[in-house]
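> One structure, pasted below without further comment.
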Amino acid sequence: MYDTKMKIKKHHLILIIIFLFVFSVRLFFAFQTKFFTDDESYYFLRQIKHIKKTGKLISHDKLSYGGKLHIELPFYYYFISLFSFFFSSIIVSKIIPNLIISLNIFAVYLVSYQISRNKTSSLLSSFFSGFIPILMAETINSINVYSVLVPSMFFLIYYFIRMSRDVKKKVYRKYGTYMIILLSAMLLTSSLSFILVFSLLIYLLLCYIQKIEITRREIEFTLFSLFFYLWLNFIVYKKAFISHGMKVIWKNLPEAILGQFFAHITLWEAIYTIGFIPLIFGVIVIYNYLFKRKSKRIYLLISLCISTFALSWFKLITITDTLLFLSCTLAVLSSRLIKEASVYLRKTRFSWTSKLFFVLIILLFCITSLIPGLQYFEETIEKAPTQDYINTFFWIRYNTPTNSTVLGTIQEGHLISYFSERKNVADTDYLLVKNINTQISDIEQIYTDIYKINALQKIMKYDIDYVLFSRKAREKYNIEKISYIEPKCFKLVYDNIDKIYKIQCDLKNEI
């Protein structure tokens, strides 16, 4: 009895060490820069700042697109905003999101143990999940919904497994309460929560096909999740449905950008972003339990893989979403194969190699995933804007009239709104923007056209006062200068690596 307790404590201690190690690595890379890798994090910061000041989300934004409505699922914004009342902005923006996503270590361990019944293989899976390249790259230096969505999903899956197994009424009620809380948090965070809802439907279908008993609790929770999701999204996105129709599913993405979001991926890219061990081991488990063996618990994880792949195939989620959720699920499934391989080795004359097997798995993971992954994380951090680049936006803030409209690339729209506190022409929030394809085309024409009259027509159309010609614009449009620029009409007011031109002429005077 004493040995068993010591063993449990030992595994809990190792799990905590893994969590602290992953969290420390995340913070190390996150604090390599004080800026964020993606522009949407600054939109998030604007929402947090507004909630702290008014208690409400920004509904009508005077700076985005020169003035537009925002539609947001509110939970994650308010959840993070709670910390802003007690901690500094650097803690709220850098530490809290990394802390929350690091909790996924515990969720993966719990789910892995439910399908493997082996603490060592579950610990390995939790270690794998902590260093999934795509998950680290998307959350290590960004504020986005993945940080709360991923751990919530796997904690909910754990309670779903426990609920379907336990028959005690008190236990069922306890797990049911936890599941409703987690489901509500997910549904109020992102429409990506449909991945889980769809997974539950596929899970019921798989169990039915394999003639595995389905409990009434499982059916009730699945149907509740489906109707709750449909009702909530209809209420929140009602205006967007009326405005865009079915395009709301793709968040009104411009056609020029749509192809990039749903690009195909090669096997090598999948291995690089997911990890060699989780990908290979996870796929083997899926094959075995779809065609050779049966396991109700594993079917739940396989359903998550199928739903993710299917939604990606029909271009309902992006390739990033696909790889991110697929990688975490494969990391969990890999625990089953590790456990089975270990048990098999112990039954052979080479039983002494069972411990060596775990060591080899860790070494192989470090060589194929951890080391390349750390390099991948560093490359992600290097994409964050530099101080010199951000100073350009501060110059706009302190040297231009308050009601000015500044043109930048789509990816600079939120930076203009956050740092410069000026109106942008466009940013990456496309919902409720009419004729978005025309607007994207107009912005490109302003930067790339060789005729001044054509460009001025577009400039006057959007009441642009300043044109920001940044390093990002040069890279995006593959140009070194704006061809039609001349001092009389476009005064150079900021001359650095990034340049800012003030519009000084009128289209009528130029015709």
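Only the coordinates and a few stated rules stand behind these numbers; no lab work does. Keep in mind the model is a prediction, meaning the values are calculated, not measured. Don't worry about glycine lacking a Cβ; one is built from the backbone with ideal geometry, like all the others, and counts go over all protein chains shown.
> Within the chain, what's the longest stretch lacking chymotrypsin sites (Phe, Trp or Tyr not before Pro) that sit in DSSP loops with no more than 12 other Cβ atoms inside 10 Å?
The reported range is 87-313.
> Please identify the GluC sites (Glu not before Pro) of region 462-511 that satisfy two criteria: DSSP loop assignment and at most 13 other Cβ atoms within 10 Å. Which are they?
Sparse-neighbourhood loop GluC sites (Glu not before Pro): Glu480.
> Ok, one more. Apply 1/(1 + (r/R0)^6) to the Cβ-Cβ distance of Gln210 and Glu340, taking R0 = 30 Å, and write down the FRET efficiency to the nearest 0.05.
Using R0 = 30 Å, I get an efficiency of 0.95.
> Quick check: the angle from helix 319-347's long axis to the longest principal axis of the chain, C-alpha only, nearest 10 degrees?
That helix lies at roughly 20 degrees to the long axis.
> I need to check one value: relative contact order of the chain, counting alpha carbon pairs closer than 8 Å and at least 6 residues apart, in percent.
18 percent
> Turning to a different aspect of this structure: I'd like the antiparallel share, as a percent to the nearest 5, of DSSP beta bridges with both residues in region 387-510.
For region 387-510, the DSSP antiparallel bridge percentage is about 70.
> Go ahead and run the numbers for FRET between Ile497 and Ile453, Cβ-Cβ distance against an R0 of 41 Å, rounding to 0.05.
0.90
> Quote the FRET efficiency, to the nearest 0.05, computed for Arg173 versus Trp231 with a Förster distance R0 of 22 Å and r equal to the Cβ-Cβ distance.
0.40
> Sticking with this structure for a sec: Could you tell me which of the pairs Lys294/Lys339; Lys34/Lys481; Lys49/Lys423; Lys62/Lys491; Lys52/Lys383; Lys247/Lys315 are separated by over 20 angstrom between their Cα atoms in the structure shown?
Among Lys294/Lys339; Lys34/Lys481; Lys49/Lys423; Lys62/Lys491; Lys52/Lys383; Lys247/Lys315, the Cα-Cα distance tops 20 Å for Lys34/Lys481; Lys62/Lys491; Lys52/Lys383.
> What length, rounded to one decimal in nm, is gained on full extension from Ser89 through to Gln32, with 0.36 nm per residue of separation minus their alpha-carbon distance?
18.9 nm
> So, one more: Restricting to the chain, compute how many DSSP beta bridges are antiparallel as a %, nearest 5.
75 percent
> Sort by residue number and report every cysteine in the chain with no other cysteine beta carbon within a distance under 4.7 Å.
Unpaired cysteines in the chain: Cys207, Cys305, Cys328, Cys366.
> Can you tell me which aspartates and glutamates have their Cα less than 15 Å from the Cα of Lys472? Leave out same-chain residues fewer than eight positions away.
Cross-link targets: Asp38, Asp39, Glu382, Asp388, Glu412, Asp427, Glu444, Glu480, Asp498.
> With contacts defined as alpha carbon pairs under 8 Å and 6 or more residues apart, what's the relative contact order of region 70-160 in percent?
Relative contact order comes out at 36 percent.
> Can you compute the helix-only [θ] at 222 nm over the chain? Use -39500 (n - 2.57) per DSSP H run of at least 4 residues, normalise by all residues, nearest 500 deg cm²/dmol.
-20500 deg cm²/dmol
> Between Lys481 and His60, 0.36 nm times their residue separation minus their Cα-Cα distance comes to what?
148.1 nm
> Loop-only GluC sites (Glu not before Pro) in region 192-298, please: DSSP not H, G, I, E or B, and at most 14 other Cβ atoms within 10 Å.
Here the sparse-neighbourhood loop sites are Glu213.
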